Amino acid sequence: MKSADIRQAFLTFFEEHGHTIVPSSSLVPGNDPTLLFTNAGMVPFKDVFLGRDPRPYVRATSPQRCVRAGGKHNDLDNVGYTARHHTFFEMLGNFSFGDYFKRDAIRFAWTFLTERLGLPADKLWVTVHVSDDEAERIWKDEIGIDPARFSKLDEDNFWQMGDTGPCGPSSEIFYDHGPEVAGGPPGSPDEDGDRYIEIWNLVFMQFDRDSGGTLNPLPKPSIDTGMGLERVAAVMQGVHSNYEIDLFRNLLDAAAQATGYADTSAPSLRVIADHIRSCAFLITDDVLPSNEGRGYVLRRIIRRAIRHGHKLGTREPFFHKLVAALDAEMGDAYPELRKTRTQIEKVLLKEEEQFARTLDHGMGLLTEALNTLEGDVLPGETVFKLYDTYGFPFDLTADVCRERGVTPDEVGFQRELEAQRERARAASQFGADYTAALDLEGETAFTGYDRLEDEARVT
Ligand code: ATP
Ligand code: MG
Ligand code: MG
Ligand code: MG
């Protein structure tokens, strides 16, 4: 079953069950400056859950494009290291705004997985929150889940939007990829492996947390769910890694061609294939590379991709060439991507040309520093020099260091940065006023995107 067919099957299934199909919103959340990117299917419905945005429906389903590359939900560092994390992915969701609750949410998910997709029950594993006896009863008595593939967990199964507001226990559904893959079941000491992969998260929005921390029952309990399309595609296509699904195989082939590096299992090619999706869609949604906020996150992702191409030996601009392959894969489902294709290519090529001027020298300096390093901490001065002179974002340097088992000294780096800003402030007293520019860069590069508190769910 192709990714596109799974997307369609999901939307059709929920439409048959009374849900209105709502198209994907932008990656830039509408009127929500507190949130960096749309990182879950519920984000466009936040105000509907809070009762502030009445809609003509009480059940909805959507395929939502998501980016998790900043703020609290940041999977950037997982990319290339796990089989299941992307910076950009599609979350398929069904939502109830004060209509159905736990029983139907669980029943819908189970029916879709086992009947519509035909997954064997003995490959699935379910978790609920420790306190949630009701969900446990539904799973065990009504669905008949095998108690040997069921566990009750704590933090992983409680979602909250922020310090206050709607929240509630959740239930996660995992697929067991079998004993050939390392890793234990959810809640076990070796759960961090990739054997049991979470495919769907059901959130039972049940409470409104007040500023004193008290959980008050919501007048209308609601449902928010999210199923990862790429992870389910891996299951349906009988492969373990998301990078082996139809869509990624084609992107990887394009990346191999553009870089001239043939081995498509190379982690760097996977990173590049991942990053082209977030970068292209962010540009489609009007984010442009810059030194602040969302634009700086985009620039960081682009530069990481370029660095991985460099690592494979590529010295010519290559990243923009992947847009054509992405368009071929996703342009039917996302006409907005197709429409902005030329613009995306232009923006990426310009970034590539700009970074090419310093990347090679920066990498030379970094490699030399790593080769002669005593111990396993890269000094803050080096990290700063790479940042200041060669345009290496902190996380790019950290990405290179990680490959060598080295940690960059972040505190030392911040100190250097602060010292530079001090110097600039002093200089500005003599008329050379570039303080503002440096403030912007310094702040936004290292605190700006963290400050944009991610208020969406942690599920
Ligand atoms: P994980 O524990 O694997 O990091 P999560 O609990 O953080 O996942 P949720 O916030 O529950 O994920 O998101 C709902 C669903 O979206 C997940 O069940 C998964 O299928 C999918 N998903 C989450 N993060 C990613 C990602 N970075 N890349 C691809 N799919 C993802
Ligand atoms: Mg996660
Ligand atoms: Mg999880
Ligand atoms: Mg989850």
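Laboratory data are not the source of any read-out in this text; all were calculated from the coordinates shown. Keep in mind it's a predicted model, so treat the numbers as computed, not measured. Note that we place each Cβ from the backbone using ideal geometry, even for glycine, and neighbour counts take in every protein chain shown.
Here segment 204-321 is assigned +1 on the Cβ of each Lys and Arg and -1 on the Cβ of each Asp and Glu. Its dipole about the Cα centre then comes out at about 460 debye.
Under the combined filter of DSSP loop state and at most 15 neighbouring Cβ atoms within 10 Å, segment 369-414 retains these trypsin sites (Lys or Arg not before Pro): Arg404. Using the alpha-carbon positions of segment 228-275, Rg (one decimal) and Dmax (whole number) come out as 10.6, 31 Å. Helix content alone sets the calculated 222 nm mean residue ellipticity of the chain: runs of n ≥ 4 DSSP H residues at -39500 (n - 2.57) each, divided across all residues, give -12500 deg cm²/dmol.
Arrange the following residues from fewest to most other Cβ atoms within 10 Å of their Cβ: Ser24, Ser428. Kindly include the intermediate steps, with their values, before the conclusion.
Details: Ser24 19, Ser428 14.
By the 10 Å Cβ count, ascending, the order reads Ser428, Ser24.
Within segment 240-327, the trypsin sites (Lys or Arg not before Pro) that combine a DSSP coil assignment with at most 15 other C-beta atoms in a 10 angstrom radius are Arg315. Ranked by the mean number of other Cβ atoms within 10 Å of their residues, highest first, the peptides 144-154, 72-82 fall in the order 72-82, 144-154.
Working note: Karplus 6.51/-1.76/1.60 with θ = phi - 60° gives segment 137-145 the couplings 5, 4, 4, 7, 7, 8, 8, x, 5 Hz, where Gly and Pro are set to x.
Label-to-label distance for Glu115 and Tyr57 is 2.1 nm, based on points extended 7 Å past Cα in the beta-carbon direction. In this calculation the C-beta distance from Thr214 to Arg249 is compared with R0 = 51 Å, giving a FRET efficiency of 0.50. For segment 310-387, GluC sites (Glu not before Pro) meeting the loop criterion (DSSP other than H, G, I, E, B) and having at most 14 other Cβ atoms within 10 Å: Glu374.
Dipole magnitude for the chain: about 1060 debye, using +1 per Lys or Arg Cβ and -1 per Asp or Glu Cβ, origin at the Cα centre.
Based on alpha carbons, the Rg and Dmax found for segment 367-410 are 9.3, 25 Å.
Summarising the strand pairing of the chain, around 80 percent of its internal DSSP beta bridges are antiparallel. For the pair Glu155 and Gln257, label points projected 7 Å from Cα toward Cβ lie 4.5 nm apart. Relative to the longest principal axis of the Cα atoms of the chain, helix 293-311 runs at roughly 70 degrees. Pairs of Cα atoms in segment 1-125 fall into 10 Å distance bins, from 0 up to the last occupied one, in shares of 12, 36, 37, 14, 0 percent.
Quick one: pull the percentage of alpha-carbon pairs in the chain with a separation above 35 Å.
Numbers: 35861 of 105111 pairs.
Pairs farther apart than 35 Å: 34 percent.
Centroid-to-centroid, using Cα positions, segment 154-230 and segment 394-410 are 31 Å apart.
Residues Cys279, Cys66, Cys167, ranked from the fewest to the most other C-beta atoms within 10 Å, line up as Cys167, Cys66, Cys279. Counted residue by residue at 0.36 nm each, then reduced by the alpha carbon distance between them, the extension gain from Ala426 to Val377 reaches 14.5 nm. Using a Debye calculation, one point per C-alpha and no hydration shell, please list log10 I(q)/I(0) for segment 219-332 at q = 0.18, 0.19, 0.24 Å⁻¹ in order. Once normalised to I(0) and log-transformed, intensities are -0.94, -1.02, -1.34.
Over 24 Å between Cα atoms: which of Lys123/Lys220; Lys72/Lys321; Lys2/Lys123; Lys2/Lys152; Lys46/Lys140 fall into that group? With Cα atoms farther than 24 Å apart: Lys123/Lys220; Lys72/Lys321; Lys2/Lys152; Lys46/Lys140. Computing Rg and the Kirkwood Rh from the Cα coordinates of segment 41-195 gives a ratio, Rg/Rh, of 0.95. Per-peptide packing, taken as the mean over residues of other Cβ atoms within 10 Å, places 240-246, 28-34 in the sequence 240-246, 28-34 from highest down. Helix 267-284 axis versus longest C-alpha principal axis of the chain: approximately 80°, rounded to the nearest ten. Note on segment 74-149: Kirkwood hydrodynamic radius from all Cα pairs is 14.8 Å, rounded to one decimal.
Based on other C-beta atoms within 10 Å, arrange Val67, Val323 from fewest to most.
On the way: Val67 31, Val323 26.
So the residues, fewest neighbours to most, are Val323, Val67.
For the pair Ala328 and Asp146, the difference between a 0.36 nm per residue extended length and the Cα-Cα distance amounts to 61.3 nm. You can think of it this way: the chain between Gln237 and Asp104 has 45.1 nm of extra reach, that is 0.36 nm per residue less the Cα-Cα gap. When the Kirkwood radius is taken over all Cα pairs of segment 251-388, what Stokes-Einstein diffusion coefficient follows at 20 °C and 1.002 mPa s, in µm²/s? The estimated diffusion coefficient comes to 136 µm²/s.
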